[in-house]
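No value in this document is a laboratory result; all are computed from the given coordinates. Only a predicted model underlies this, so the values are computations on that prediction, with no experimental measurement involved. Positions of Cβ are generated from backbone atoms using ideal geometry, with glycine treated the same way; all protein chains shown enter the neighbour counts.
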Amino acid sequence: MLGIFNKRAKKMVAKEKPLLKASLDSDGLARLLPYFPIGNKLRYFPEFKQELTLNTTIIAYGINNELVYSNNDISRQEEDGVFQLYLLGKRLKKIKSFCFIMPTVGRAGEELDYARKERLGKDGGFIKGNNITLNGEQSDGRLPVLDATVRKQLILKEGHFVGHKIAILDVDPNAFKLIEQRRHVRLKTDIMGEIQTELGQPPQRCTMVDFSDHAVRIIHNDDDSERPFFGEGSMVTLSFDLPKSAEVRVIRGKVIRQHDTTVVMALDNIMREKDFEKVELFDIMEIKANLLQQQQR
C-alpha cells in the first residue's frame, strides 16, 4: 500500500531539504534495500558510539517525498547488469530523495545501563544532523552496515502511525557496505571420505564439501536405505585422505546440524597414532594448507 503524510506534514518534509541534493544512484539503492526491509528488526547506534547500540526498525521508506509502507510496493529489476527500482510497477527514472522513516527511540530493554541511557538521550540519538549507523541482519556471514543522517523529527498527524514521533533519515547508497563477519572462513572442498558413529562400525561414503576452523560439512553419497541417521549432538567419526599427504586423517566430533543428506560436525578430536586427542590450531592449519593444494590443481 502506498501512503503519504497529510498535506501539512508532506509540506514539512518537502521544506526540509535533504542533505543529499544530487540524484541518488538507483542501482546502488536497489542493492542495499534487500538488507534493510520495512518491518525487520535492526540494530543502530548514533554518532559512531557503538557502545550505545539499540534495537529499532524501519516503518516506511520515503521516496521523492512519498511514503511507502509495504515492501511489496517497491521492486527491482536487473537490466544489463544494473538494477532499476520500480514503485507500484512504475520505474523510478529519477530519485531526488530517499529516506528511512523510523521511531525516534529504539528498544533498549536491559541492554544499556543508566549512564549510557543518559548519554543516548530521550530521542535515542535521532537529533537533527546526527549520524546513525544501521546494522542489518547477517547474510551469508556478512553484516550489512549503513550510515544515514537524521534530517529531522516530526509527529505524524494521520496515517498508520498517527500521533507517533518519527525520525527521517536520509540515505546515501555510497555509505552502504557489507562487512565480513566470519571469524573462520569456510574453505570449499571436494574430498571423498567415510563417516561412521564409531571406529569399527560400517562406514558410510561421503564428500567433505567445506572445512572451517571449527567445523566440517559433509554430504552422504549412499542411498537413503543405507544411510544411518546422525542426529544433532551425536558423536561421529570422519576419515578422509588429503591431496598432498599419504596419511589418512581421522577426526571425531559432535553433529552440529543435520538436514537430509548434509551433516555439519564439530572438529573436536583428531587421531594421533592410536588415540584421539584434542584438535589443535596446528592440525587445522596443516589440513587447510593441504586442501588449498587441491584447489590449485
- Neighbourhood charge, 9 Å Cβ-Cβ cut-off, centred on Met235 and excluding it, Lys, Arg +1 and Asp, Glu -1: 0
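On a 19 Å Cα-Cα criterion, which of the cross-link pairs Lys188/Lys278; Lys254/Lys278; Lys49/Lys128 come out too long?
Checking Cα-Cα distances, Lys188/Lys278 exceed 19 Å.
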- Semi-axes of the stretch 187-295's equivalent ellipsoid from the Cα gyration tensor, sqrt of 5 times each eigenvalue, largest first, rounded to whole Å? 20, 15, 13
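Give the calculated FRET efficiency between Val145 and Asn221 to the nearest 0.05, with a Förster radius of 41 Å applied to their Cβ-Cβ distance.
Numbers: r = 40 Å, r/R0 = 0.98.
It comes to 0.55.
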